[in-house]
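Asker: One structure coming up, written as structure tokens, with questions to follow.
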Amino acid sequence: MKGERLTVRLNGKNVIDDALLPGVPRSGPIGLQHHGDKIEFANIYIRKL
């Protein structure tokens, strides 16, 4: 996220591009959405912008 804008890249492809998310705090916990796959979050990399 940059400010109130979110971009998500998955396996080298943009799946969400520059979405507006007003009201999101500047810091806090990271939330992940799960769809039942046991290893869905095995390789997560978080990069400081």
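Asker: Could you give every pair whose Cβ atoms fall below 7 Å, whose first residue belongs to the stretch 22-43 and is modelled with pLDDT of 85 or more, and whose second residue is part of a loop (DSSP other than H, G, I, E, B) and surrounded by 10 or more Cβ atoms within 10 Å (Cβ to Cβ), counting only separations of at least 6 or pairs across chains?
Answerer: Pro22/Glu4; Val24/Met1; Val24/Glu4
Asker: Please go through the stretch 6-49 and pick out each residue that is part of a strand (DSSP E or B) and loosely packed, with under 10 Cβ neighbours inside 10 Å. Before you say what the answer is, go through the steps one by one.
Answerer: Here is the first cut: in the stretch 6-49, the ones part of a strand (DSSP E or B) are 6-10, 13-20.
Residues satisfying the conditions are Leu10, Lys13, Val15, Asp18, Leu20.
Asker: Residues of the stretch 7-21 being out of contact with any Ser or Thr (no Cβ under 8 Å at 6 or more places or on another chain) and at pLDDT 90 or above, which ones?
Answerer: Residues of the stretch 7-21 out of contact with any Ser or Thr (no Cβ under 8 Å at 6 or more places or on another chain): 7-13, 15, 20-21.
Within the stretch 7-21, Thr7, Lys13, Val15, Leu20, Leu21 meet the criteria.
Asker: Is it true that Gly3 is surrounded by 10 or more Cβ atoms within 10 Å (Cβ to Cβ) and at positive phi?
Answerer: Values: surrounded by 10 or more Cβ atoms within 10 Å (Cβ to Cβ): yes; at positive phi: yes.
Judged against the criteria, Gly3 is a match.
The values are calculated or read from the model by the stated rules, or taken from the named source; none is laboratory data. Bear in mind that the values here come from a model prediction, so they are computed numbers and not experimental data. Using ideal geometry, Cβ is built from the backbone for each residue, glycine included, and neighbour counts are taken over all protein chains shown.
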